[in-house]
1. Being under 21 Å from Leu87 (Cα atoms) and β-branched (Val, Ile, Thr) is the filter; apply it to the range 113-146 and report the residue that is most open to solvent (accessible area, probe 1.4 Å).
2. Which fully enclosed helices (runs of 4 or more DSSP H) of the range 78-149 have 3 or more residues being without any contact (Cβ under 8 Å) to a residue 60 or more places away in the chain and farther than 19 Å from Leu42 by Cα?
3. Can you find even one residue in the range 26-37 that is open to solvent by 80 Å² or more (accessible area, probe 1.4 Å) and modelled with pLDDT of 55 or more?
4. Exactly one of these conditions fails for Asn76: (1) at pLDDT below 95; (2) within 25 Å of Pro30 (Cα to Cα). Give me its number.
5. Can you say whether Gln173 is open to solvent by 80 Å² or more (accessible area, probe 1.4 Å) and touching a strand residue (DSSP E or B) at 6+ places or on another chain (Cβ under 8 Å), as far as the supplied structure shows?
6. I'd like to know if the range 180-192 contains one or more residues that are open to solvent by less than 80 Å² (accessible area, probe 1.4 Å), in contact with a Leu (Cβ under 9 Å, 6 or more places away or on another chain), part of a helix (DSSP H, G or I) and at pLDDT 95 or above.
7. Return the only residue of Leu81, Leu58, Leu87 being closer than 21 Å to Ala125 by Cα and either at pLDDT 80 or above or surrounded by 12 or more Cβ atoms within 10 Å (Cβ to Cβ) (or both).
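The values are calculated or read from the model by the stated rules, or taken from the named source; none is laboratory data. The model shown is predicted, which means the values in this text are computed figures rather than measured ones. Every residue, glycine among them, receives a Cβ derived from its backbone with ideal geometry; neighbour counts consider all protein chains shown. Just the protein is used for accessible areas: all its heavy atoms, side chains included, with ligands, DNA and RNA removed. Shrake-Rupley method; radii C 1.70, N 1.55, O 1.52, S 1.80 Å.
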Amino acid sequence: MTHSPSDPEPQVPEPSSITPTSSLVAPPLPRRMACWLYEGTLLFGVVFGTGLFFFGLLFVTAHLVPALLPMRDAFNNRYSLQAYVFLVLAFYFTWFWAKGQTLAMKTWHIRVVDRQGRPLTPARALLRFGLSWVWVLPPLAAGGLYRLPGAEVSVLFVGWVLVWAILARFHPQKQFLHDAMAGTRLVHFKPPLPAGKRRWWM
């Protein structure tokens, strides 16, 4: 069967737009936790840079428009800083998860997709970001409620993270429970190198 020049070309989905169902294999739990730790290390730089920018902006504003923001109040904006950092993190993760991977996930060959293996929509990526706070909020809330010292909160935090990670072993697809609730899943993803870009040792 032939197509006339006026017939529209059939639309072929891009290979990278969907992950085959047969390849939706969860990475081993140790690799996911190594990626989690690496992500936290990278986020330290993101949060530190965000804080510097925020306080620099406040300082400039207080210096140029003291009536709007007195200098004595320029560095007394803890809640504003927390809200600003939260928005930056929300944008950071929503953007990269909608693309499929953060830098840490690329390093550890992990990709986040929906249940069918499709890229996340920004709305679903934002939902995953909200649910991901289950990693840190319960121990922090318990520490604040019972006024625990920092050392005990740290122990509680490490114990909670281990428990939450191990619960993934009981999920049918070995996914974290917040991924199951968000309709997402972490899968192994290592794109092959083009022939011209292969390393000499490969």
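1. Just the residues of the range 113-146 that are under 21 Å from Leu87 (Cα atoms), to begin with: 120-138, 140-141.
With the extra rule that they be β-branched (Val, Ile, Thr), the set shrinks to 121, 134, 136.
Values: Thr121: 75, Val134: 34, Val136: 35 Å².
The extreme case among them is Thr121.
2. Working: elements: 78-99, 103-107, 122-132, 137-145.
Hits in the range 78-149: 78-99, 122-132, 137-145.
3. So far as the range 26-37 goes, yes, one or more of its residues are open to solvent by 80 Å² or more (accessible area, probe 1.4 Å) and modelled with pLDDT of 55 or more.
4. (2)
5. For Gln173, the condition - open to solvent by 80 Å² or more (accessible area, probe 1.4 Å) and touching a strand residue (DSSP E or B) at 6+ places or on another chain (Cβ under 8 Å) - is met.
6. There is at least one residue in the range 180-192 that is open to solvent by less than 80 Å² (accessible area, probe 1.4 Å), in contact with a Leu (Cβ under 9 Å, 6 or more places away or on another chain), part of a helix (DSSP H, G or I) and at pLDDT 95 or above.
7. The match here is Leu87.
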